[in-house]
1. Only one of these is more than 9 Å from every other protein chain (Cβ to nearest Cβ), buried (at least 24 other Cβ atoms within 10 Å of the Cβ), touching a helix residue (DSSP H, G or I) at 6+ places or on another chain (Cβ under 6 Å) and more than 25 Å from A:LEU402 (Cα to Cα): B:ASP140, B:ASP146. Name it.
2. Does B:ASP65 satisfy being without any contact (Cβ under 8 Å) to a residue 60 or more places away in the chain, charged (D, E, K, R) and either farther than 20 Å from B:TYR43 by Cα or within 14 Å of chain A (Cβ to nearest Cβ) (or both)?
3. Report, by residue number, each residue of region A:577-599 that is more than 47 Å from the chain's Cα centre (by Cα) and closer than 16 Å to A:GLU526 by Cβ.
4. Please work out which one of (1) of a type outside the set (S, T, N, Q); (2) modelled with pLDDT of 95 or more; (3) outside any helix (DSSP H, G or I) is the condition B:CYS7 fails and give its number.
5. Give the residue, chosen from A:ALA100, A:ALA123, that is surrounded by 18 or more Cβ atoms within 10 Å (Cβ to Cβ), assigned to a strand (DSSP E or B), among the hydrophobic types (A, V, I, L, M, F, W, C) and in the same structural domain as A:VAL201 (by TED's automatic domain parsing).
6. Please verify whether A:GLY159 is within 7 Å of chain B (Cβ to nearest Cβ) and open to solvent by 20 Å² or more (accessible area, probe 1.4 Å), treating the condition exactly as stated.
7. Report, by residue number, each residue of region A:681-698 that is in contact with a Lys or Arg (Cβ under 8 Å, 6 or more places away or on another chain), outside any loop (DSSP other than H, G, I, E, B) and of a type outside the set (A, V, I, L, M, F, W, C).
8. Quick test of your reading of the structure: A:CYS432 fulfils all but one of (1) at pLDDT 95 or above; (2) more than 30 Å from A:ILE253 (Cβ to Cβ). Name the failing condition by number.
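The values are calculated or read from the model by the stated rules, or taken from the named source; none is laboratory data. All figures in this text were calculated on a predicted structure; none of them were measured in a lab. Here the Cβ positions follow ideal geometry from the backbone for every residue, glycine too, while neighbour counts run over all protein chains shown. The protein model used for the area step is the full one, side chains on, heavy atoms only, and it has no ligands, DNA or RNA in it. Shrake-Rupley method; radii C 1.70, N 1.55, O 1.52, S 1.80 Å.
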Protein chains: 2
Amino acid sequence: MPSSLRCLFDPKSIAVVGASPDPSKLGYDTYLNLQASKRNGAYRGRLYAVNPRHKEVLGDTCHPDLSSVPDELDLAVIVVPSQHVPDVMNDVVRKGVPAAIIVSGGFSEVGNRDLEAEVIRIASDGGVRVLGPNTLGLLDPHNGVDTFFLPEWKRTTDGVEAISSPKPKPGHLTLLSQSGGVGAALIDYIVGSGAGLRAFVGLGNQADVSMDEVVSYYAEDDRTRAILMYVEGVRDGRKLMEACSVASKRKPIVALKAGRTESGMRAAFTHTASMVGQVEVYSMAFRQGGVIEASTIEELFDAGKALSMLQPPEGDRALIITNGGGAGVIAADACEQMGLKVPPLDARAVETLKRLALTGRIPSTVSPNNPLDLTGSASSLTFKVASEALIGAAGFDVCLFLTLHHAPAVYDDVVDAVSWFRNTCGKPTVACDVGEAEWARIMRSKYEAYGIPAYPTPDRAARALHFLSKYGQYRSRPETWRDTQSQRDRLPWLAEFSSRERDRALYEPYASELLKQYGLPLLPCEVVGDADSAVRVADEIGYPVAMKVVATTVSHKTDVGGVSLGLRDSIEVRRRFGAMMAMVDRLGLRDSFRGILVQKMAEPGFELLIGSYRDPFFGPIVTLGAGGTYTELLRDYTLRVAPVTPSDADQMMKELRISRVLEGYRGMPGYDLECLRNVIVQLSSVMIENPSVAQLEINPFLLHRSGGAVIDAKVLLR
Amino acid sequence: MPSSLRCLFDPKSIAVVGASPDPSKLGYDTYLNLQASKRNGAYRGRLYAVNPRHKEVLGDTCHPDLSSVPDELDLAVIVVPSQHVPDVMNDVVRKGVPAAIIVSGGFSEVGNRDLEAEVIRIASDGGVRVLGPNTLGLLDPHNGVDTFFLPEWKRTTDGVEAISSPKPKPGHLTLLSQSGGVGAALIDYIVGSGAGLRAFVGLGNQADVSMDEVVSYYAEDDRTRAILMYVEGVRDGRKLMEACSVASKRKPIVALKAGRTESGMRAAFTHTASMVGQVEVYSMAFRQGGVIEASTIEELFDAGKALSMLQPPEGDRALIITNGGGAGVIAADACEQMGLKVPPLDARAVETLKRLALTGRIPSTVSPNNPLDLTGSASSLTFKVASEALIGAAGFDVCLFLTLHHAPAVYDDVVDAVSWFRNTCGKPTVACDVGEAEWARIMRSKYEAYGIPAYPTPDRAARALHFLSKYGQYRSRPETWRDTQSQRDRLPWLAEFSSRERDRALYEPYASELLKQYGLPLLPCEVVGDADSAVRVADEIGYPVAMKVVATTVSHKTDVGGVSLGLRDSIEVRRRFGAMMAMVDRLGLRDSFRGILVQKMAEPGFELLIGSYRDPFFGPIVTLGAGGTYTELLRDYTLRVAPVTPSDADQMMKELRISRVLEGYRGMPGYDLECLRNVIVQLSSVMIENPSVAQLEINPFLLHRSGGAVIDAKVLLR
């Protein structure tokens, strides 16, 4: 763990530069919060106020500048107007402070990129790590560091003094946020829900310390049990993926991504690049990095709570026990909708429950199903008896108790029964009691005091199980995701071609050559310049043949009549050659014309699209989807951030709606999935190993029962 | 309004049959709750205890039976063991009580259908309307009726007396529930969220009074502003659809449907019947009935709150104003994900905001966008100034204010600014403040006191707007849904055929005859018995022709070689005829063989599936989807509960993923949608007008640029 980050996140001495006795200044609340934290014993380090305009701030001595502070400093918290920050940063460097938080705004977020760059240059030249600028900074209930400028208390217009920004108790959730407003709101939500916080880190503009570094830092932190992230965008997505991929093996990470509007900045050279949405890329990047995605604030917190309290399960089979039939059905619906299984009880459990119902130890109307509805007449004892009966039940991995307290005979000792069950069977268990009045809150608090996360609706409890199960899957994956991208082309001729040709689309025979070098299955073909050569080539490769115009500017060849299929003999080849040349002239394509490709006609097969483009944030993205005319019609595709492993490729095939056809369908034999897997992996390698390739698309790739063939490939160089 | 339902839901005199002084009996809490309601003045009618075992219950005189009650009674609340209920019901009839609630369980819900039927027979013979059995009954904070047997207070094992089943304050939400447990939980949730209740009705087993009647009753009730329903299943879905369709023009209705497991009880004669899920049928039935569907308890309540406080908007364009950029993005994401639009501000508003930023009346860093982010330095006054600037802004229908109180300069007077805005522009407005500590609650309460529904997360606020907009769409639809189903076949020969043929699949030429009578476009064809006739017919209709085996038991004809396509001359026809006859013999189909159909080959076209089957709860369902080999592959289909109107049919086409192809795609001309509309509507008519038809499927229907053709039709009679 680098010591400068230790100084940033766990400082023993702090100076607030810009501390102020004026309540209208940010330096007032920032100093007040730190001072309060020191006074109540939470922050046990030293604290200094720095401001040339004041001798005293809130009763403490105020120093005119950092050099006057009679102490070594771990951290400078900077809350001066942005234009003064470069001077202050020079002071920070001179003083030898290893870390700074720039709370002040007015930098790149409002367009002042040069000012931000200047500050970061000073800092990095001087060996200072910087959090921010434009950030709430840190809030750490364990070491008492609190750089928030938000007032804890505010008075309403009616004169009522009330808590505005509540201070969390020490806990195990670490929260990283790209937005101060969302961060403060999340903390308020977490505090109100009774949970504690390990630490909050406001990332601000991430001019220096970036999200991936903070993730790695807290993944090594013993007090952190789950990392929650609010993400608006990333600069280097691949670095974040690498960091999360490693970190998520130690700690669960949950992310809420905001901003789902499309960038619309991609060239539409291929379908692939125009089809894939930015949101999908983020989702897949999170998944590949082992990050669980939440879609609302509520989900982010619900997931964090479960993941910080429980170990992930080994499988996805849920057992649901309740005294409310309806609530049980809602929970089972929610589980199944989220991909969990709610299997029937095993035969022994069924027998035991039947016997208990016959002997009156549980209500006689109880049916031995999952969800197990103990009915509204169940008491706490009924839950205890049923739990004992199910303790040895096989065939489930997680458990959900829906103990609705409204039933006359259910009391809070039902929690003891559930806790006994959890402790004895050792499986992750969550609970639910619905309601917002006193008893519902008493029940949920008691559950959580026993280490059982409790939720106010059945679907939220089910979702918590889903997040647990998902993390279990992620953590048990054999590999972490690594960025293996090359800086230079493995095939040097690509870079040469790119510098030689103005528009940089790789035409035939170059495109085929690239694919051939990566072992992709091509049809026999040759580019020719006259009809005699066309006939000679066709005679060699055998009829029927296809002919295609090769030009540097024709993209959708079929649209302009640039493709002829199924030519059955030399007469047809000669006739079509002439017609195609006439078309080239008619359309004024002579300058970009490079010849006519004569290609063996492929056997019929299943049409797929396999493509790749470079995302500005995540680099090469590989897609697989329905091909040919169905590409745009079905929009049935999936993607991965490259590199794509063989097992990734297998997963991709399974994710398509057309996977049923690929695997064999209604008695039809399946297609050659091994061939397809290899094509996907090799296409990923082209992108990873050759930075000159900007986009690559094979559409269609014809997959056969055995083997396959590239019918049409487009390659765009950078 | 029938007076017996008035007596049920608004009784002036109630007898509790089975009232008991023993706290372990349901009759104890039931009587206690009603007595408490009478004592605190909520229930202003008369109350009587009835129980032959006691002289006194909770200090009140107890009568041995109903006839001893010295008063006319509006309502009997029955809480005696199920086996005594028939006797009690006889007493109810003798006493002339018009309405009864059977709280007791032990009837059809545990298999005792005969007992339930006996009770209902006694009641209906005696003119008594019955709610239940097996129900919590009623809870009406306006008239004080409270038949709950759930204790309001309970003592924890630590000896703390706390509220267990909170009593709601009078409000405007009417809640109907098929589950007592879910009902009690929902009430607890609603009370804790600060809302009030118009009435709760527990529907129980619906042996007499059914959900549709209760919906119609409260739709006419002035105090009801929104109806919330918890639905587990319906017996007569079409009756509920009719009732809701009418009621939803007056009051918004929101439903939460539990139980998404499939019934799996349908015959798989057609794809249509096996493909469609029960969940989809419910969703579409709700939609056709104008019922808004919620998918969680939280959504049910969130929707109810917004719909009971606000009128629906005229359109779906949302304006979002906030001091939290991140929260604004989350809200905009949520809006767009749910189909609302978040359009840019109009030019005048942009100009005004720019001027305000220049003159410093709003922060200089504010960009005039939607969401409008007034930034963390905004004060309440900034919101006021911005609201004034936007009051005349055109191009939006609903408004969402995200006023995060954590910002130092935002106070609760921001609510006054929002309220002024809402009152002045008159558009439905919702608010959000995130957090669970004091200030967040103060802010949300103040909003709601001003009639502005307030939510604790941006996505929940956005979802509330979505529900409002959806209700606006439903309410403005021109027609209500009516069940026009006929009791007898319009085509009498269908019933005759059905009684004559054992397996009741309608074969050729009967199937064609049915379709012809409904004006569906058929290809020229004839069923023949010998090769000469086949050649004669083929010569008449013109080549190429198709031939198909007609048999009463062959369903998937292609699977057994029963179809020959593209026969080009009389020689081919003769040859194939012989081969098909040989196949019939080989497969032992002679008994079911009815001839060979000679049919004109259709022009190529777009393959669709148009089908219908009878759902056990909702009657005839009409589906439209991708046809031919793509039916099961794509599973791209939509449905309606018949009757299907022409505008329904148009909507169905738009709902398909393949709609882009139907309408014309990438420069291709579109298909004959008028023809398709007509086929859908006519197929709906076949089902509505002919109860003998159980299933009907046209797959494929070949749609052309002009016109279309039925290629293969299957008809199953009942």
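1. Numbers: B:ASP140 fails: touching a helix residue (DSSP H, G or I) at 6+ places or on another chain (Cβ under 6 Å).
Every option except B:ASP146 fails the conditions.
2. On the way: without any contact (Cβ under 8 Å) to a residue 60 or more places away in the chain: yes; charged (D, E, K, R): yes; either farther than 20 Å from B:TYR43 by Cα or within 14 Å of chain A (Cβ to nearest Cβ) (or both): yes.
It is true that B:ASP65 is without any contact (Cβ under 8 Å) to a residue 60 or more places away in the chain, charged (D, E, K, R) and either farther than 20 Å from B:TYR43 by Cα or within 14 Å of chain A (Cβ to nearest Cβ) (or both).
3. Once the filter is applied, which keeps residues that are more than 47 Å from the chain's Cα centre (by Cα) and closer than 16 Å to A:GLU526 by Cβ, region A:577-599 yields A:PHE577, A:MET580.
4. (3)
5. Details: A:ALA123 fails: assigned to a strand (DSSP E or B).
Step by step, each of A:ALA100, A:ALA123 is checked, and only A:ALA100 is surrounded by 18 or more Cβ atoms within 10 Å (Cβ to Cβ), assigned to a strand (DSSP E or B), among the hydrophobic types (A, V, I, L, M, F, W, C) and in the same structural domain as A:VAL201 (by TED's automatic domain parsing).
6. Numbers: within 7 Å of chain B (Cβ to nearest Cβ): no; open to solvent by 20 Å² or more (accessible area, probe 1.4 Å): yes.
No; evaluated as a whole, the condition is false for this residue.
7. Result: A:SER684, A:GLU689, A:GLN695, A:GLU697.
8. Going through (1) at pLDDT 95 or above; (2) more than 30 Å from A:ILE253 (Cβ to Cβ) one by one, A:CYS432 breaks only (2).
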